[in-house]
Structure formats: C-alpha cells, structure tokens
Amino acid sequence: NNMFGIKASGSTSPYWHGESVSAGTSEYQNGAYTGTTGSFRKYATVSDSIRDHTWFLTHNGRYAKAGVFTAKTPEEQARALQNAGYATDPAYAGKLISIINSYNLKEYDKKKS
C-alpha cells in the first residue's frame, strides 16, 4: 500500500508505525543507476500511505527549507522536491515536469469561475 515509495526510515507517524517490506529498487549512485534492495514503509491501507506522504513532507524540515511549500508553480515545486533530496534520480524534476505537461495537470490548479 506504499503509493509513493517512501523508504522505511525516519520517525514513525500517526499513519506509519515502523513496519517495512524489502523490495528491489534502482537508485542513482555515483553517476549511474544501481539495482539494490530497499526497505520501504508498509501501510495497512492506501489512505494511510497518502496521509503519511503529507506527514512525511510537512514534518521533514528539508522540504520547507528547499521551498517546496512556497513554490509558485508546479515546475518550481518539482525542482524544490529534487533539491530537497526527494529522489536520487538527478533528472527527477525534469521527468515530473514532463508528466505534468504531457497530461495537462496544471489545469487542475485553476480556480473555477
């Protein structure tokens, strides 16, 4: 039920109580992708995963410090997430921005008149 691939590290939260699952993953290290096994958070429900993702971002000061919550555009926020270390892929922000643009997801940010 881990919808965001959050690793099983750090403090517990009201939605994650320390349980984990080992799974194969790829990490970008020393200029190349490397296959490895990672320990990922295990959730009782998808809802717990979604709630914990919000908890994780808002309770880890590195995301606020990088400007994730003050970004004015989705592109700025994607770059802030990458700068905060959200993913090991150095192209993470660019890939996320490409998905946002490909699926016209900024449309959901517009206020209805």
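The values are calculated or read from the model by the stated rules, or taken from the named source; none is laboratory data. Note that the structure is a prediction, hence the values are computed from the model and not measured. Methodologically, a virtual Cβ is constructed for each residue, glycine included, from the backbone with ideal geometry; neighbour enumeration extends over all protein chains shown. Heads up: the accessible areas ignore ligands, DNA and RNA and are worked out on the full protein's heavy atoms, side chains in. Shrake-Rupley method; radii C 1.70, N 1.55, O 1.52, S 1.80 Å.
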Cα-based Rg then Dmax for the chain, in Å, read 15.3, 49
With Cα coordinates, the longest principal axis of the chain makes an angle with the long axis of helix 92-102, in degrees rounded to 10, of 50
Given 61-68, 78-85, the highest-first ranking by average Cβ count within 10 Å works out to 78-85, 61-68
Answer in debye to the nearest 20: the dipole magnitude of the chain about its Cα centre, from +1 Lys/Arg and -1 Asp/Glu charges placed on Cβ, is 340
Length-normalised contact order of the chain, Cα under 8 Å, at least 6 apart, in percent, tallies to 21
The chain accessible area per residue, 1.4 Å probe, protein heavy atoms, integer Å², reads 68
Pseudo-spin-label distance Ser20 to Asn60, built 7 Å along Cα→Cβ, given in nm, is 1.4
In deg cm²/dmol, rounded to the nearest 500, the helical mean residue ellipticity at 222 nm of the chain, built from -39500 (n - 2.57) for every DSSP H run of length 4 or more, is -10000 deg cm²/dmol
In degrees, nearest 10, the alpha-carbon axis of helix 46-58 is tilted away from the dominant principal axis of the alpha carbons of the chain by 70
Going through Lys72/Lys106; Lys7/Lys95; Lys7/Lys65; Lys42/Lys106; Lys65/Lys111 one by one, the pairs whose alpha carbons sit over 24 Å apart turn out to be Lys42/Lys106; Lys65/Lys111
For the chain, whose charge dipole is built from +1 on Lys and Arg Cβ atoms and -1 on Asp and Glu Cβ atoms, the candidate among Gln82, Tyr103, Ala71 with its Cα farthest towards the positive end is Ala71
Of every hundred units of 1.4 Å-probe accessible area on the chain, the number belonging to carbon and sulfur atoms, as a percent, is 51
The helix 74-83 Cα axis meets the longest alpha-carbon principal axis of the chain at an angle in degrees, between 0 and 90 and rounded to 10, of 30
